[in-house]
Amino acid sequence: IGANGATPKTPVAWEDHDPTASYITIAPMHLREALWTKLARPLRGIMYHGWQSLVETDSPGAYRYTNPHTQHELKRLLHDVVEPLGPALLHIPDSPSEVAFFESFTSQMFARRGGYGSNLGWSADLWLALQHAHVQCDVIFEESLLKTALTGRRFLVMPECDVLTDAIVKTITAWQQQGGKIIADENLCPGLRADLVLTSFKRTKQAATDKATVLALAEQLGPKLESLKVNRIMDVDNPEIIVRTRHSGDADYVFAINDRRESGTYVGQHGLVMENGLPSRGNLILPKRTGFHAYDLVAGVAIPPTQDGRIPLSLGPCDGRLIMILPRPIGGIGITGPETAKAGETISLSITVTDSSSAPLRAVIPARLEVRDANGRLAERSGFYGIRDGRLTVPLDLAPN
């Protein structure tokens, strides 16, 4: 015990054995939540770097293997989430958002504000507060803003935008004159007028304190954004469950991600981050929606709504869920093919998914297909698929022998 009564911090194994490690292994819970956050966006692929931090090697270099659990968590996520859902996610577009979040390169260069890509300051905290307030928004930059990025937008969030080009100011002014509204901080360029002014703050570098500040800002944002008539695509009665929605056909796809965390003993003992996930519960609220049917696409089960028409959510530590919401329930699935075929031919399997009225389901449904040979072994074309608008055709190449 120290002179002030505090218990000295005991170094964990990697700090004791490798205190000069430059890039350590990401904590398993951070990896889990980060992957779900990425999957919530339309992606073509995901790439990780820093192989030496994932597995033990003879020449570690700058990356150091400091956590033996992360590789197993990545393997589990790939097996349980990415492989089954990946083919379907490739065909589900993003939902258009009426809120854009602007990052100004000009302000970062000339006013020395912003994160320079680090996401460690006020801009990042405002973005996080919007996520906790369940306001879906997209990040845009100057080049896209000057083209078409403000088309269909009703709100523009502008933190740390002290210095802007003349073209940017003219474009935003014209958009604002057409009814667009600006949400900014006290640093906004004098050439623009904000409809809602927020007061910026700086992090204390104590993760628990800083997150509490972000959550408090999210709570304050709620009524302020409602006064501006900002619409939430989806809402949750728990601010630590983040949601993002995508849409295809008649289906909404809601990604629910648990951000409830505490400090652990891997890196959290320093107070800078909280790497231990905690379970969380909440209810998904569907504004202006009645008569829906919900499905958990990870577990592959229907979710009965609560009596007041909400979707109950129960999430594990830093875990995610993908909820598909349909106006009519899934009615059935069918597979048809030729009655006979000859060796060496190519035949087609037709797979259909219908709703309760026997009509093709206007959605993208993740599905697993097993093709087995005469000995019961899995054959080619087995795997995961995304069935679009209720129909999928799979060619089968029959072996010539």
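The values are calculated or read from the model by the stated rules, or taken from the named source; none is laboratory data. Only a predicted model underlies this, so the values are computations on that prediction, with no experimental measurement involved. Neighbour counts are summed over all protein chains in view; Cβ atoms, including those assigned to glycine, are modelled from backbone coordinates with ideal geometry. Areas reflect the complete protein model, heavy atoms only, side chains present, ligands, DNA and RNA absent. Shrake-Rupley method; radii C 1.70, N 1.55, O 1.52, S 1.80 Å.
From the phi of every residue in the stretch 102-113, what ³J(HN,Hα) in whole Hz does the Karplus formula 6.51 cos²θ - 1.76 cosθ + 1.60 yield, where θ is phi - 60° and glycine or proline is x?
Listing the rounded values in order: 9, 10, 9, 5, 4, 5, 5, 7, 9, 10, 6, 10 Hz.
Report the convex hull volume per residue for the stretch 1-147, counting only C-alpha atoms, in Å³. Spell out each step's value before the answer.
Numbers: hull volume 31.6 nm³, N = 147.
Enclosed volume per residue, from the Cα hull, is 215 Å³.
Considering just Cα atoms, how many Å³ per residue does the convex hull of the stretch 193-291 enclose?
On the way: hull volume 14.0 nm³, N = 99.
Expressed per residue, the convex hull around the Cα atoms of the stretch 193-291 is 142 Å³.
Starting from the Cα-Cα distance between Gln177 and Thr265, subtract it from 0.36 nm times their residue separation and give me the gain in nm to one decimal. Please list the in-between numbers first.
Numbers: separation 88, 0.36 × 88 = 31.68 nm, distance 5.29 nm.
Extra length from Gln177 to Thr265 when fully extended: 26.4 nm.
If one computes the Cα centroid of the stretch 295-313 and of the stretch 190-213, what distance in Å separates the two points?
Rounded to whole Å, the Cα centres lie 35 Å apart.
Among Asn187, His30, Leu78, which residue has its Cα furthest toward the positive end of the charge dipole of the chain, with +1 on Lys/Arg Cβ and -1 on Asp/Glu Cβ?
With unit charges placed on the Cβ atoms, the residue in question is Asn187.
I'd like the accessible area for His270: 1.4 Å probe, protein heavy atoms, all chains in place, Å² to the nearest 10.
90
The stretch 35-64: which chymotrypsin sites (Phe, Trp or Tyr not before Pro) are DSSP loop and have at most 13 other beta-carbon atoms within 10 angstrom?
Tyr48
Provide Leu120, Leu361, Leu398 ordered by accessible surface of protein heavy atoms (probe 1.4 Å), highest first. Walk me through the numbers before you get to the answer.
Details: Leu120 115, Leu361 5, Leu398 55 Å².
Result, largest first: Leu120, Leu398, Leu361.
Run the simple label-point estimate for Thr306 and Leu369 please: 7 Å along Cα→C-beta, distance reported in nm.
Simple spin-label model gives 4.0 nm for this pair.
Taking the Cα centre as origin and putting +1 on Lys and Arg beta-carbons and -1 on Asp and Glu beta-carbons, what dipole magnitude results for the chain, to the nearest 20 debye? Each step should come with its number before you reach the end.
Details: 41 positive and 44 negative charges, 139 e Å.
With only Lys, Arg, Asp and Glu charged at Cβ, the dipole is about 660 debye.
Quick one: Karplus J couplings for the stretch 213-225, per residue in order, coefficients 6.51, -1.76, 1.60, θ = phi - 60°, nearest Hz, x for Gly and Pro?
Those phi angles translate into 5, 5, 5, 5, 5, 4, 5, 5, 5, x, x, 5, 6 Hz.
Using all alpha carbons of the stretch 88-176, what is the percent of pairwise distances in each 5 Å bin, ordered from the shortest bin to the longest?
3, 13, 23, 23, 19, 12, 4, 2, 0
Out of Thr173, Ala207, Ala149, whose Cα points farthest toward the positive end of the dipole of the chain (charges: +1 Lys, Arg; -1 Asp, Glu; placed on Cβ)?
Value computed over the given set: Thr173.
Grab the Cα-Cα distance for Leu146 and Ser382, subtract it from 0.36 nm times how many residues apart they are, and report the gain in nm with one decimal. List each step's numbers first, then the result.
Details: separation 236, 0.36 × 236 = 84.96 nm, distance 4.64 nm.
That pair, Leu146 and Ser382, stretches by 80.3 nm at full extension.
Mind giving me the nanometre distance, one decimal, between the label points for Asp195 and Phe105, set 7 Å out from Cα along Cα→Cβ?
The modelled label-to-label distance comes out at 2.8 nm.
What is the Cα centroid distance between the stretch 46-120 and the stretch 316-383, reported in whole angstrom?
Their Cα centres are 31 Å away from one another.
For the stretch 260-401, what is Rg from Cα atoms divided by 2.2 N^0.38 Å, rounded to two decimals?
On the way: Rg = 21.7 Å, N = 142, 2.2 N^0.38 = 14.5 Å.
Relative to the 2.2 N^0.38 Å estimate, the stretch 260-401 comes out at 1.50.
Pairwise over distinct Cα atoms, reciprocal of the mean inverse distance: report the Kirkwood radius of the stretch 72-225 in Å, one decimal place.
Values: mean 1/r = 0.0586 Å⁻¹.
It is 17.1 Å.
Give, rounded to the nearest 20 debye, the magnitude of the charge dipole that the stretch 153-245 has about its Cα centre when Lys and Arg contribute +1 at Cβ and Asp and Glu contribute -1 at Cβ. Could the numbers behind the result be given before it?
On the way: 13 positive and 12 negative charges, 41 e Å.
For this selection, approximately 200 debye.
Using only the alpha-carbon atoms, how far is helix 166-177 inclined from the longest principal axis of the chain? Give it as 0 to 90 degrees, nearest 10.
Helix 166-177 and the main axis of the chain meet at about 70 degrees.
Given a 1.4 angstrom probe, I'd like the percentage of the accessible area of the chain that is carbon and sulfur, rounded to a whole number. Let's see the in-between values first.
On the way: 11550 of 21410 Å².
Whole-percent figure for carbon plus sulfur exposure: 54.
Using the C-alpha gyration tensor of the chain, what are the square roots of 5 times its eigenvalues, in whole angstrom, with the largest one first? Write out the running numbers ahead of the final one.
Details: eigenvalues 329, 196, 91 Å².
The three semi-axes for the chain are 41, 31, 21 Å.
To one decimal place, what Kirkwood hydrodynamic radius in Å is obtained for the stretch 321-374 from all pairs of distinct Cα atoms?
On the way: mean 1/r = 0.0730 Å⁻¹.
Its Kirkwood hydrodynamic radius stands at 13.7 Å.
What percent does the relative contact order of the stretch 85-194 come to when contacts are Cα pairs within less than 8 Å and at least six residues apart? Could the numbers behind the result be given before it?
Values: 143 pairs, mean separation 34.5, N = 110.
Across the stretch 85-194, relative contact order equals 31 percent.
I need the GluC sites (Glu not before Pro) found in the stretch 13-112, filtered to DSSP loop residues with at most 13 other beta carbons within 10 Å of theirs. Spell out each step's value before the answer.
Numbers: sites: Glu15, Glu33, Glu56, Glu73, Glu98, Glu103; in loops: Glu56, Glu98, Glu103.
When the GluC sites (Glu not before Pro) of the stretch 13-112 are filtered for loop state and at most 13 Cβ neighbours within 10 Å, Glu56 remain.
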